[in-house]
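These notes are about the structure you will find just below.
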Amino acid sequence: MGQGVGDPLASLESPPAPEELVSADRPAIEGRVRLYLEALGVQATDELERLTQQVIERVEFRSRVGRLGEPLEAAIEEVQFLLDQWLLTELGIDNDPDRLAAARAAVLDGQPPGWTRRWAGLGHEPLAESIITAWIPAVPPPAPLAMDPNPIELCCHRLAGRLVQGFRKVLKLLDERRCVRQQVRKP
Amino acid sequence: MIGRLVRSLGWHLQRPVYFGLVLVTTLFCLSLLSVALQDGGLSALEIVLLVLYSILMLWISASFWTAAIGFLVLLLRRWMGQRSTAQPLGLEGIAADCRTVLVMPIYNEDPERVFAGLRAIYEDLGAAGVQDHFEIFILSDTRDPSLWLQEEILWRRWAESLGSPPRVFYRNRPENTARKSGNIADFCRQWGARYRYMIVLDADSLMSAATIIEMVRRMEADPRLALLQVPPVPVNRVSFFARMLQFASSLYGQMFAAGLAFWQQDTANFWGHNAIIRVRPFADHCGLPRLPGREPFGGDILSHDFVEAALLARAGWKLCLAWDLTGSYEEIPPTLIDYAKRDRRWCQGNLQHARLIMAQGFQSLSRIHFAMGVMSYAASPLWLLFLIATGLEAYFKGLHRPVYFFGYNVMPIWPQYYVVEMTTVLWVTLALLFLPKLLALILLAIDRTQARRFGGIGRASLSALIESLFSVLLAPVLMLFQSKFVAAILLRTSVGWPAQQRGDHQTAFLEALGAHGGQTLLGLAVGYVAYTRVPDFFWWFTPVLAGILLAIPVSILTSRVDLGLWARRWGLFLTPAETEPPAILQRLEEQLNRPSPVDWTPASAGMTPASQPFWVQAVLDPRIYALHDALLQNEPQNRRRRHILEGLVFQLQDEGEDSLNLREKRALLSHRDGLFLLHTRLWAAPNPPGRPPRLSQ
């Protein structure tokens with residue numbers, strides 16, 4: 001019984017050294033980061049180089065502080081964090097998750113053109129305005145109306161219950177009267 | 001002055017005239033039948049027969065007089081020189097600040113068809129130059145993760161193509177509380193104040209711009225009008241079964257609608273879609289309560305439309321049926337089995353209305369709507385009981401041998417026969433059932449333009465004849481289906497609310513055997529008993545028996561698309577929508593033929609094999625992931641939720657998609673943290689990802 005619990009715990013007790021992991025997996029991490037960046041829409045070689053380098057540095061930093069976890073997962077996370085960080089800076093917003101998500105969706109949809117260059121730090125034209133306008137809101141601003149359930153009085157609902165209740169009341173009344181009569185009769 | 005008085009008198013007489021005719025017809029037939037039955041006194045069985053007959057006769061005579069009055073209304077209209085209501089395209093009579101929204105509540109529907117329909121309508125509004133006054137809101141209750149993502153992609157592509165200001169909106173409800181009525185109520189609660197009117201569409205609804213504009217104009221003209229229903233005409237299906245129904249509905253539909261409008265006046269009903277509603281009174285009065293008790297009669301109100309109409313009428317608002325408006329379309333189930341499946345969904349909701357008939361405060365006509373809704377399904381088991389009672393009565397009569405000589409009488413005493421009465425009852429019943437078809441053909445015969453649209457009066461008559469023969473064959477099958485549904489519901493077995501299969505597809509032999517096998521066996525057994533025990537009854541029973549025994553081949557045959565197309569080539573079951581397709585149907589066709597914005601090619605290699613469902617492949621695409629993420633609501637961090645979602649991601653990766661139930665799959669896509677985990681874990685899998693599905697630009 002204790003074996004099943006003991007084994008995984010034992011493996012947790014001796015994690016491999018983080019530095020070794022990174023150096024061993026570096027080509028794999030680089031490859032996966034490139035693939036992911038391409039999927040995000042980064043196509044130019046210089047942009048790819050620059051962004052990959054930044055991501056690898058971040059992964060290495062994570063590794064150094066012992067918060068690496070799975071290297072490939074960490075690398076993908078870092079690409080996303082890098083993108084989010086750039087968007088926050090570009091838009092000048094302070095961690096507004098909805099605006100950030102909208103901006104991310106807009107740029108990954110290819111709007112505005114040239115955003116990847118700016119992200120890689122190779123473009124100089126600010127894009128905040130065009131990123132904001134590129135996102136089309138899914139719903140209009142709230143315009144609430146009250147809509148409360150309207151009561152519907154069903155006929156004969158719980159009729160049997162009501163009849164029994166009424167019958168009980170009558171019986172109780174009769175009983176009370178009987179008690180009163182008995183008390184009156186007593187001298 | 002006198003004219004107004006006459007009109008007012010006529011207005012007040014319409015309902016008494018209609019209900020008087022229904023009552024007189026029923027009493028007449030009932031009197032004939034009771035004369036024939038009461039010879040020698042009425043037995044308990046005969047009393048049951050008479051009661052059943054009265055209810056059924058009320059039902060069919062109500063339908064007959066609706067059609068007959070509709071016939072007269074259309075005839076009078078034609079005589080007065082009005083063929084169709086002109087529907088000008090401009091915005092005359094509509095206030096500049098009047099904003100109308102077209103809402104489409106959807107639940108696991110085909111996204112391509114949903115968006116093609118809406119785009120066609122919006123394009124039609126654009127062609128009329130009135131797009132600025134209308135917005136579109138897709139109210140998704142879709143639970144299927146793949147369909148959910150496809151809806152979002154299609155919305156995004158469309159919204160992008162329209163640009164700013166945004167006029168097409170989309171939202172997916174986290175919980176589909178109270179189903180369709182809850183979906184619309186949720187919309188009203190969040191955005192209702194933005195709009196003066198909403199036009200409710202079904203997933204397969206289609207409405208022309210001219211009709212939509214006219215609906216708004218009529219609402220603007222009458223500030224007490226809360227709801228205007230435009231009868232939809234079924235279109236676009238090509239199976240033999242569907243084309244037959246489309247033909248019947250196109251030919252007889254307007255006549256029935258005109259008759260309904262005659263007696264419903266300003267207390268018409270809501271059919272659930274293809275109607276315009278004044279938003280504020282709807283929000284004020286149509287919030288639906290949960291009915292006390294448990295399902296199937298308690299809980300959420302399933303067929304919400306009748307109840308919403310009754311609540312609006314109770315609050316003093318007007319509801320009208322715009323029978324004279326065209327340009328309103330819907331699609332129908334392509335096969336008999338799909339038709340029965342739809343009935344199964346509707347049946348529970350309609351029977352639930354039985355509890356509302358006597359509820360306090362409703363108008364009398366609303367109660368009649370409820371009763372008619374109940375009868376549209378309760379009629380089937382009543383017909384079945386009537387047939388059984390008739391068979392038993394015939395059996396008992398057969399046991400009775402006439403005695404010609406009593407005591408010392410030398411003259412025989414002949415038994416009394418009621419052939420005339422019984423034949424009259426039979427003919428009147430048949431006339432009530434089939435005369436409306438003849439009336440519709442008469443209307444067609446005097447309108448040559450319309451007759452040409454139906455392929456000519458000769459072909460239309462032949463089509464009506466074939467349709468009548470098939471309806472005789474199909475009626476007993478539907479009777480058995482509906483009786484089964486009613487029985488299941490009365491036994492408190494919830495029948496669920498499955499999504500409908502709308503596209504054309506053919507019934508396979510095994511499917512037909514599964515659906516009709518029991519019916520066929522029942523038909524064989526009943527036929528044998530009737531033939532051996534009550535041979536006289538057997539021959540009267542053969543039309544019903546034929547329908548039941550032929551259910552399997554008829555179901556397969558009528559589902560065939562090639563037979564439907566063959567009939568079209570021969571000019572059978574032609575409808576105006578087929579011979580002269582209106583612009584809106586052509587626009588839909590064009591939209592459906594456009595390439596999809598989603599490249600459906602599955603991943604060719606790597607960790608997302610072709611067998612992976614769309615949603616798993618889609619989440620891999622950073623663009624679809626980001627789009628979906630942006631449409632989710634932000635939630636506070638929750639460590640427990642994160643751990644649960646992490647577990648689900650591992651389960652998906654280790655044990656495959658089938659190991660997750662629908663709720664778990666949806667949970668993975670419903671929270672930003674879960675989605676992030678899923679996307680990241682899929683990209684961090686040991687094998688590099690293959691090509692995920694890409695959005696075309």
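Here A:Ile136, B:Ile121 are placed in order of increasing Cβ neighbour count within 10 Å, fewest first, which gives A:Ile136, B:Ile121.
The mean number of partner chain beta-carbon atoms within 10 angstrom of a residue's beta-carbon across peptide A:96-106 is 5. Between the listed residues B:Ile55, B:Ala257, B:Leu325, the Cα displaced farthest toward the positive end of the dipole of the protein assembly as shown, a dipole computed from Cβ unit charges relative to the Cα centre, is found at B:Ile55.
Remark on A:Asn150: its backbone amide H falls under 5 Å from those of B:Gly287, B:Leu288, a criterion applied only to residues 5 or more positions apart or on other chains, H modelled at 1.01 Å from N.
Per residue of peptide A:64-73, the mean number of Cβ atoms on other chains within 10 Å of the residue Cβ is 2.
Using only Cα atoms and rounding to the nearest 10 degrees, what angle (0 to 90) does helix B:419-445 make with the longest principal axis of chain B? For helix B:419-445, the angle is close to 40 degrees. Put simply, the amide H of B:Ile106, placed in the peptide plane, has neighbours under 5 Å in B:Leu139, B:Ser140, B:Asp141, leaving out anything fewer than 5 places away on its chain. Multiplying each eigenvalue of the alpha-carbon gyration tensor of the protein assembly as shown by 5 and taking the square root yields semi-axes of 60, 34, 30 Å, largest first, rounded to whole angstroms.
Amide H contacts of B:Ile332: B:Val235, B:Arg237, each under 5 Å away and 5 or more positions distant or on a separate chain (H built 1.01 Å from N in the peptide plane; Pro and chain starts excluded). If you take all other residues with their beta carbon under 15 Å from the beta carbon of B:Leu565, and give Lys and Arg +1 and Asp and Glu -1, the sum is +2. Summarised in one figure, the compactness ratio Rg/Rh of chain B, Cα atoms and Kirkwood Rh, is 1.01. Going from the fewest other Cβ atoms within 10 Å to the most, the residues A:Ser130, B:Ser249 appear in the order A:Ser130, B:Ser249. Our helix-only sum for chain B, with -39,500 (n - 2.57) per DSSP H run of n ≥ 4 divided by its residues, gives a mean residue ellipticity at 222 nm of -20500 deg cm²/dmol.
Distance from the alpha carbon centroid of the stretch B:512-586 to that of the stretch B:160-222 works out to 38 angstrom. Just add up the charged neighbours of B:Arg173: K/R +1, D/E -1, any other residue whose Cβ is under 13 Å from the Cβ of B:Arg173. Spelling it out: positives minus negatives among the neighbours equals +2. With both residues required to sit in chain B, DSSP beta bridges show an antiparallel share near 30%. Quick one: helix B:535-549 against the long Cα principal axis of chain B, what's the angle to the nearest 10°, folded into 0 to 90? Value to nearest ten degrees: 10. Please state the Cα pair-distance histogram of the stretch B:297-404 with 10 angstrom bins from zero: what percent is in each bin? Here the calculated profile for the stretch B:297-404 is 12, 28, 29, 16, 9, 5, 1. Think of the stretch B:614-683 as having a plus end and a minus end, set by charges on the Cβ of Lys, Arg, Asp and Glu; of B:Leu677, B:Leu660, B:Leu631, B:Leu631 sits farthest toward the positive end of this dipole. Residues in the stretch B:150-159 carry Karplus couplings, in order, of 5, 4, 5, 5, 5, 4, 4, 5, 5, 4 Hz; the curve used is 6.51 cos²θ - 1.76 cosθ + 1.60 with θ = phi - 60°, and Gly or Pro positions show x. Counting Cβ atoms of other protein chains within 10 Å of each residue's Cβ and taking the mean over peptide B:279-291 gives 3.
Overall, chain B carries a charge dipole of about 860 debye about its Cα centre when +1 sits on the Cβ of Lys and Arg and -1 on the Cβ of Asp and Glu, all other atoms neutral. Rg and Dmax, both from the Cα atoms of the stretch B:1-128 and both in Å, are 25.0, 75. Quick note on the stretch B:614-683: its Rg to Rh ratio, both from C-alpha atoms and Rh being the Kirkwood radius, is 0.93. Each Lys and Arg Cβ is given +1 and each Asp and Glu Cβ -1; about its Cα centre, the protein assembly as shown then shows a dipole of about 4320 debye.
The fewest-to-most ranking of B:Tyr531, B:Tyr408, B:Tyr195 by surrounding Cβ atoms within 10 Å reads B:Tyr408, B:Tyr531, B:Tyr195.
Taking only alpha carbon atoms, the stretch B:125-273 gives an Rg to Rh ratio of 0.98, where Rh is the Kirkwood radius. If you take all other residues with their beta carbon under 11 Å from the beta carbon of B:Met198, and give Lys and Arg +1 and Asp and Glu -1, the sum is +4.
Residue by residue, the stretch A:94-108 carries 3J(HN,Hα) couplings of 10, 6, 9, x, 5, 5, 5, 4, 5, 5, 4, 4, 5, 5, 5 Hz when phi is fed to the Karplus relation 6.51 cos²θ - 1.76 cosθ + 1.60 (θ = phi - 60°); x denotes Gly or Pro. Each residue of the stretch B:94-107 is assigned a 3J(HN,Hα), and the resulting list reads 10, 5, 5, 8, 6, 10, 10, 10, 9, 9, 10, x, 10, 9 Hz, derived from the Karplus form 6.51 cos²θ - 1.76 cosθ + 1.60 (θ = phi - 60°), x at Gly and Pro. Could you tell me the distance between the Cα centroids of the stretch B:644-675 and the stretch B:430-458, to the nearest Å? Rounded to whole Å, the Cα centres lie 58 Å apart.
Laboratory data are not the source of any read-out in this text; all were calculated from the coordinates shown. Everything quoted here is computed from the prediction, not taken from an experiment. Because the Cβ atoms are built from the backbone with ideal geometry, glycine has one as well, and the counts that use them run over all protein chains shown.
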